[in-house]
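Right, one structure below, let's go through it.
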Amino acid sequence: RSIDELICPSPFPPSTVMISFIIDALHSIPHFNFRFQQIKPNFVLRLESDYTQSLALICGLVLSVSLLLLFTIIITWVCQCCARTDTTVKPRRKVKRLSIILFILSIFCFFFLGFCLFGNDKINRGVQSSIVSLNDVNHQFKIGLTTSGQLTEISRNASIHIKNLEQLVLDKSKGPGTNQTLISEIDTLLTSLSDSIDTVMKKLDILKKDFSNMSVLERTKSLAEMIEFERWLLLVILLSIMLCVLFAGVISFCRQSKKGAVGFSGVGILIFIVCWILLAVVLPLTVALTDFCSQGGDFLAETVNQPILKSLAFYSECDPRPSHDNLPPHLGISNMSDELSNMQGVKTKLDSLMDTAFNKSEEVQKASFLLLEDGTRSLKTIGALESGFACYAYREDMRAMKNGICGEAVLGSAVLTLCLVLLALFMFTLLLIVSKSWNLFTRLGNDYVEVDEDDPFFPRTAGSAIPVDIYGTHIAGNPRTRDRTEPSTGTTTATANGGEADPLWSRAAGSSNSGGLGRSPYDDHYGNYQDHYNV
């Protein structure tokens, strides 16, 4: 039996055709136990059952595929490390094309991660909606049971008052001149009232027993709240970490950084493993959820007692008109209301006979008034009880409960599962291709120069190529030529005449030094500078 047969027998509306397709598609997945025997996909929540074994096999199949892909990535990386490539030849077009491919794959991974977060939030909203509705139904049942307890107390008091009135009538009937025919009719009416009160009390006891297992709903609500919060928070944290890693990878791909690509490869293999572990957990749970929505009636019948289950089924398909008579027939609340209403007519006839038989005895009227007060209170209480179990008090909550679990949660689980599959495959492709960038991408240069490196604007060898005369009269203080013995041009006081401090104007124009070269004031001897001073 399906959930729709027990809780919502009406077919899916046209707006949920897609959800119905998802449930049918995932429910049709073959289920096998550990002996590889195909079993029926009936939802059962027992660890030793064949159904649990089938879910474990689905999880194991996903993990096997992930191990195969991980082994493929490792083999590819080892081959890439051992391959001999010429790192000095890096075609610019090839590097650019590789960075664009990595960037596009990363964008797709971002896209799938976003939809994973959407599916996770969709599941959370659906489950929370069902939890709130379940809490409302549970609370409404408690109000109804409290009202039935009040009605039981009133009926018990009415039964005592009827017995007191019977004893009083019996005592009065022994007096002289009493009409025994009227006494007989009064006794019959009192017996009828007593039987009606007993019938109401029996039905109230049955109602209390039927809803005595309300702790199941309370435990289900508490357990669902705890599990759902932890599930939602764990997925948000893991998916957020994946987003951060992918963002760092995109930056390294755009900068064509070898260090960034290698770092992304190391962290990316971890999120690849996490992605497949999530898929191995999410896929079996999604299949279990669709099996519950399709064939979960037997599980509910074992967990929840039959009267509550029948009540839930009635509330799911009833017409929520604002009337007190729209009640589950198996609860017998309508019969109790009819009994109490009939008691008012019997009570009116009883008062008339007692007034005639006992000549409006004050003692009899006082006892009859107590019974009349019980009848008035019981009618008010049965009205509250009808309101507590009426269709309009549960219809919307039941619809929200079903749409939350077998609607939004199923859709969110399907989106999350599909996006995890695509994300895992794209991460596999990305990790294979990123290994190509290890040899194509280069280390990014620094903006500073190390101590043992040459200045790119002024190498160390450039100092020896600077002409000595560029320093003018301050050549003696130049640290680059302080200890050199190059021949002088004779134009400075520090190098003319063997270092003698003769003024330039005291020397003849054609005089020369033994270490110098003869030059005229107007001759240009700097054209062959390299020939004379090859430093």
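Which of the residues spanning the stretch 96-132 are farther than 25 Å from ILE227 by Cα and either touching a Phe, Trp or Tyr at 6+ places or on another chain (Cβ under 7 Å) or open to solvent by less than 10 Å² (accessible area, probe 1.4 Å) (or both)?
Going through the stretch 96-132, the residues farther than 25 Å from ILE227 by Cα turn out to be 96-111.
Residues satisfying the conditions are SER99, LEU102, PHE103, LEU105, SER106, PHE108, CYS109.
Kindly evaluate SER413 against the criterion of being open to solvent by less than 30 Å² (accessible area, probe 1.4 Å) and within 30 Å of LEU279 (Cβ to Cβ). Even if it seems obvious, please write down each step before you answer.
Numbers: open to solvent by less than 30 Å² (accessible area, probe 1.4 Å): yes; within 30 Å of LEU279 (Cβ to Cβ): yes.
So SER413 passes the test.
Does GLN140 satisfy the criteria of being in contact with a helix residue (DSSP H, G or I) (Cβ under 9 Å, 6 or more places away or on another chain) and open to solvent by 70 Å² or more (accessible area, probe 1.4 Å)?
Values: in contact with a helix residue (DSSP H, G or I) (Cβ under 9 Å, 6 or more places away or on another chain): yes; open to solvent by 70 Å² or more (accessible area, probe 1.4 Å): no.
Here the answer is no, as GLN140 does not meet what is asked.
With the requirement that a residue be among the hydrophobic types (A, V, I, L, M, F, W, C) and crowded, with 18+ Cβ neighbours inside 10 Å, what does the stretch 17-43 give you?
ILE19, ILE22, ILE23, LEU26, PHE43
With respect to LYS209, is the statement that it is modelled with pLDDT of 90 or more and either part of a helix (DSSP H, G or I) or on the phi > 0 side of the Ramachandran plot (or both) true?
no
Is there a residue in the stretch 135-143 that is of a type in the set (Asp, Glu) and within 38 Å of the chain's Cα centre (by Cα)? Walk me through it before giving the result.
The initial filter retains those residues of the stretch 135-143 that are of a type in the set (Asp, Glu), namely 136.
The next check asks that each one be within 38 Å of the chain's Cα centre (by Cα); those that pass are 136.
Yes.
Of everything in the stretch 212-228 that's surrounded by fewer than 18 Cβ atoms within 10 Å (Cβ to Cβ) and among the aliphatic types (A, V, I, L, M), which residue is modelled with the lowest pLDDT?
MET214
So, in the stretch 373-400, of the ones that are surrounded by fewer than 24 Cβ atoms within 10 Å (Cβ to Cβ) and hydrophobic (A, V, I, L, M, F, W, C), which residue ends up farthest from the chain's Cα centre (by Cα)?
Taking the candidates together, the pick is LEU379.
Looking at the structure I just gave you, is LEU189 open to solvent by less than 70 Å² (accessible area, probe 1.4 Å) and either over 27 Å from PHE389 (Cα atoms) or of a type in the set (Lys, Arg) (or both)?
Working: open to solvent by less than 70 Å² (accessible area, probe 1.4 Å): yes; either over 27 Å from PHE389 (Cα atoms) or of a type in the set (Lys, Arg) (or both): yes.
Yes.
Matching residues to (1) in contact (Cβ under 8 Å) with a residue 12 or more places away in the chain; (2) assigned to a helix (DSSP H, G or I); (3) at positive phi:
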site	(1), (2), (3)
ASP351	yes, yes, no
LYS360	no, no, yes
VAL364	yes, yes, no
THR376	no, yes, no
LEU385	yes, yes, no
ASN403	yes, yes, no
VAL421	yes, yes, no
THR429	yes, yes, no
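Between a residue in the stretch 243-257 that is more than 18 Å from CYS275 (Cα to Cα) and touching a residue at least 12 places away in the same chain (Cβ under 8 Å) and any residue that is assigned to a helix (DSSP H, G or I) and open to solvent by 60 Å² or more (accessible area, probe 1.4 Å), which pairs come within a Cβ distance under 6 Å, given they are 6 or more apart or on different chains?
Every condition considered, the pairs that remain are PHE253/PHE103.
Considering only residues that are among the aliphatic types (A, V, I, L, M) and more than 13 Å from ALA414 (Cα to Cα), look in the stretch 270-280 and name the one that is surrounded by the fewest Cβ atoms within 10 Å (Cβ to Cβ). Even if it seems obvious, please write down each step before you answer.
Restricting attention to the stretch 270-280, the residues satisfying the condition of being among the aliphatic types (A, V, I, L, M) are 270-271, 273-274, 277-280.
Next cut, more than 13 Å from ALA414 (Cα to Cα) only: 270-271, 273-274, 277-278, 280.
Values: LEU270: 12, ILE271: 24, ILE273: 15, VAL274: 17, ILE277: 15, LEU278: 22, ALA280: 19.
Applying the filter and picking the extreme gives LEU270.
Determine whether GLY296 is open to solvent by less than 10 Å² (accessible area, probe 1.4 Å), modelled with pLDDT under 85 and on the phi < 0 side of the Ramachandran plot. Walk me through it before giving the result.
Numbers: open to solvent by less than 10 Å² (accessible area, probe 1.4 Å): yes; modelled with pLDDT under 85: yes; on the phi < 0 side of the Ramachandran plot: yes.
It is true that GLY296 is open to solvent by less than 10 Å² (accessible area, probe 1.4 Å), modelled with pLDDT under 85 and on the phi < 0 side of the Ramachandran plot.
Could you pull out the residue among THR147, THR181 that is hydroxyl-bearing (Ser, Thr, Tyr) and surrounded by 14 or more Cβ atoms within 10 Å (Cβ to Cβ)? Don't jump to the end; show me each part of the working.
Numbers: THR181 fails: surrounded by 14 or more Cβ atoms within 10 Å (Cβ to Cβ).
None of the other options fit; the residue is THR147.
Looking at the stretch 237-244, is at least one residue in a helix (DSSP H, G or I) and farther than 30 Å from PHE111 by Cβ?
So in the stretch 237-244, the residues in a helix (DSSP H, G or I) come out as 237-244.
Pick out the ones that are also farther than 30 Å from PHE111 by Cβ and you get none.
Checked the stretch 237-244: no residue is in a helix (DSSP H, G or I) and farther than 30 Å from PHE111 by Cβ.
The values are calculated or read from the model by the stated rules, or taken from the named source; none is laboratory data. Model, not experiment: these values are computed from the prediction. Heads up, the Cβs are rebuilt from the backbone with ideal geometry, glycines too, and the neighbour counts pull from every protein chain shown. Just the protein is used for accessible areas: all its heavy atoms, side chains included, with ligands, DNA and RNA removed. Shrake-Rupley method; radii C 1.70, N 1.55, O 1.52, S 1.80 Å.
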